[in-house]
């Protein structure tokens, strides 16, 4: 019963600030074998991408980064802290990005996902994303590179 209650607790989204980057990077490094650098996050903030943090009772649960241009949105990063995965937070965060991108005038939301990331692929597919392409050798991987699948979802 407590876990169901936790899933329904408020998840507060707000704009990411440079002051959040230590906590964001801590999650990024625990969640990914090849994490983004502070410089990448700083660049995203500097150029005006839509960078959000998601908090619950002042604890950072996760974050997202997306861009919108010429009617298209691109989800660049969506990450839930490993301590909070498999509790519905990723789905709630993804839905928030979808709603925000639609409000910002995007007709379609694109994203890339590692071929080996079956959990993320299942989430995206369950939220109406379809595979539309493949980027060969897109991601760094132990011992080489890994392909990315390109997914898209109509927003209107």
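Taken together, the values in this text are just the output of simple stated rules run on the coordinates, not laboratory data. A quick note: this is a predicted structure, and the numbers were derived from the prediction, not measured. Positions of Cβ are generated from backbone atoms using ideal geometry, with glycine treated the same way; all protein chains shown enter the neighbour counts.
Structure above, values below:
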item	result
Candidate set from the stretch 51-86 (those that are buried (at least 16 other Cβ atoms within 10 Å of the Cβ) and not in a strand (DSSP E or B)); member that is nearest to the chain's Cα centre (by Cα)	81
Strands (runs of 3 or more DSSP E) wholly inside the stretch 96-156 that include at least 1 residues being under 24 Å from residue 54 (Cα atoms)	108-114, 144-154
Residues satisfying the stated conditions in the stretch 20-50, i.e. assigned to a loop (DSSP other than H, G, I, E, B) and either free of Cβ contacts under 8 Å to residues at least 12 places away in the same chain or over 19 Å from residue 113 (Cβ atoms) (or both)	35, 37, 47, 48
